[in-house]
Amino acid sequence: MPLIDLKPNTSKPKPKTKTKPIVMKPIHLSILALAAGSAFAAEVYTPVVGYITHTINAQGGELTQTIVGPSLVQPTEFAGNSVSSPSGSAISFAAGVPTGLDGSYVLEITSGPSEGWWSTVVSSTSDSITVNDEFPAGLASDTAVSVRKHNTIQTFLGENVANLIPFNGEAGDEIQILNPDQSLTPIAYVPAELTGDVEGQWYNLATAEIANDLVIEPGAAVIVKTTSSSPLSFVSVGQVKTTATQFDVYPGLTLVAQTDAAGATFNEMNLQFSLIPLNAEGSNTDYDEFQILNSDQSITPYAAVDPALLGVATLANLVDASDAGDTVLPGGTGAIIKRDSGNGPSTITIPGSLIAE
């Protein structure tokens with residue numbers, strides 16, 4: 001399966017949070033070989049608040065990529081029900097809304113048919129919140145929502161807790177965010193001795209701006225590129241998300257994270273109903289591929305299939321045509337959705353984690 005040559009994003013991406021410009025020479029980055037399962041180990045501890053231990057693959061110093069994602073979320077800072085049907089991009093409450101909410105926060109619908117819909121906050125008053133996007137039409141007058149901080153590069157990776165090779169002015173390990181237009185936002189950790197700050201900083205290497213607060217959107221995964229001689233690990237901490245998560249799939253490639261902290265099978269993620277399927281005759285070529293990036297950098301491709309093919313709605317392994325609906329995508333890991341350029345974008349909703357009583 002051929003590699004896909006994705007170019008670094010040389011223009012400033014649409015920000016979800018604010019960054020601070022600095023003077024630093026950007027570098028040209030190597031390609032991201034994305035068309036390629038994920039030998040990415042994850043261990044989940046405690047049911048509501050806990051941590052996930054992630055493993056980053058390595059191949060003895062050769063460039064190695066791993067798809068990772070923050071399954072855990074930041075603490076809820078406001079939860080409530082609207083006092084009227086949300087209108088446009090504003091929603092109203094009786095009282096109790098924290099004032100001064102900004103683009104570092106995300107509002108999410110937590111009940112009803114639009115559960116999992118989210119938008120970045122623009123502003124708030126004591127009884128209202130305005131977000132970036134218009135609310136879905138037809139929401140109930142008592143729509144339940146929650147507000148929390150976005151996950152960011154800093155909240156996910158801290159002060160380089162994974163011990164990635166720092167950027168030395170010329171090269172280093174990278175975190176890469178894949179944008180809807182298929183460009184890349186390349187990010188590297190620059191140590192304090194180069195930044196002149198008390199601590200190191202994460203930098204956007206295309207724009208030379210501090211990227212600590214760059215948002216990792218709900219449901220999104222990132223690529224870790226390393227030339228480490230041995231596997232690395234880091235721990236992410238947060239709350240287990242028990243509500244659904246919506247994310248957008250675009251033509252080309254989309255990186256999706258497992259939002260169930262305990263892990264879930266492909267069918268438990270409802271991918272068999274969400275992806276563009278292989279038809280009953282097995283003749284179409286415009287179906288979505290759900291790709292797992294393996295530790296040896298090969299790809300295992302899967303696809304949703306028409307129930308007539310395997311007798312049930314499920315995902316199939318495209319290598320051996322077996323039913324793969326029970327294949328588990330662990331918490332903290334991610335995958336690639338490859339969509340034909342002739343198909344438009346869509347929204348997929350992944351169920352939340354189930355917490356045992």
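The values are calculated or read from the model by the stated rules, or taken from the named source; none is laboratory data. This structure is a prediction, so every number in the text was calculated from the model and none was measured. All Cβ positions, glycine included, derive from the backbone under ideal geometry; neighbour counts span all protein chains shown.
One residue stands out among those in the stretch 142-153 that are outside any strand (DSSP E or B) and out of contact with any Pro (no Cβ under 9 Å at 6 or more places or on another chain): the one that is nearest to residue 71 (Cα to Cα), which is 153. Considering only residues in the stretch 78-104 that are part of a strand (DSSP E or B) and at pLDDT 95 or above, the one that is surrounded by the most Cβ atoms within 10 Å (Cβ to Cβ) turns out to be 91. Residues of the stretch 334-357 that are assigned by TED's automatic domain parsing to the domain that holds residue 303 and charged (D, E, K, R): 338, 339, 340. If you go through the stretch 274-294 and keep only what is within 20 Å of the chain's Cα centre (by Cα) and of a type outside the set (Val, Ile, Thr), you end up with 274, 275, 288, 289, 290, 291, 293, 294.
Scan the stretch 183-199 and tell me whether some residue there is in a helix (DSSP H, G or I), among the β-branched types (Val, Ile, Thr) and either more than 18 Å from residue 220 (Cα to Cα) or in the same structural domain as residue 254 (by TED's automatic domain parsing) (or both). Within the stretch 183-199, one or more residues are in a helix (DSSP H, G or I), among the β-branched types (Val, Ile, Thr) and either more than 18 Å from residue 220 (Cα to Cα) or in the same structural domain as residue 254 (by TED's automatic domain parsing) (or both).
So which residues in the stretch 297-334 are of a type outside the set (Gly, Ala, Ser) and either in contact with a Pro (Cβ under 6 Å, 6 or more places away or on another chain) or at pLDDT below 95 (or both)? Across the stretch 297-334, the qualifying residues are 305, 306, 318.
On inspection, residue 335 does not qualify as assigned to a loop (DSSP other than H, G, I, E, B) and either touching a helix residue (DSSP H, G or I) at 6+ places or on another chain (Cβ under 9 Å) or surrounded by 22 or more Cβ atoms within 10 Å (Cβ to Cβ) (or both).
The set of residues in the stretch 206-215 that are in a strand (DSSP E or B) and within 25 Å of residue 330 (Cβ to Cβ) contains only 215.
Restricted to strands (runs of 3 or more DSSP E) entirely inside the stretch 216-270, those with at least 1 residues that are more than 14 Å from the chain's Cα centre (by Cα) are 222-226, 232-239, 252-257. No other residue among 288, 296 is crowded, with 22+ Cβ neighbours inside 10 Å, in the same structural domain as residue 310 (by TED's automatic domain parsing), more than 16 Å from residue 70 (Cβ to Cβ) and of a type outside the set (A, V, I, L, M, F, W, C) apart from 288.
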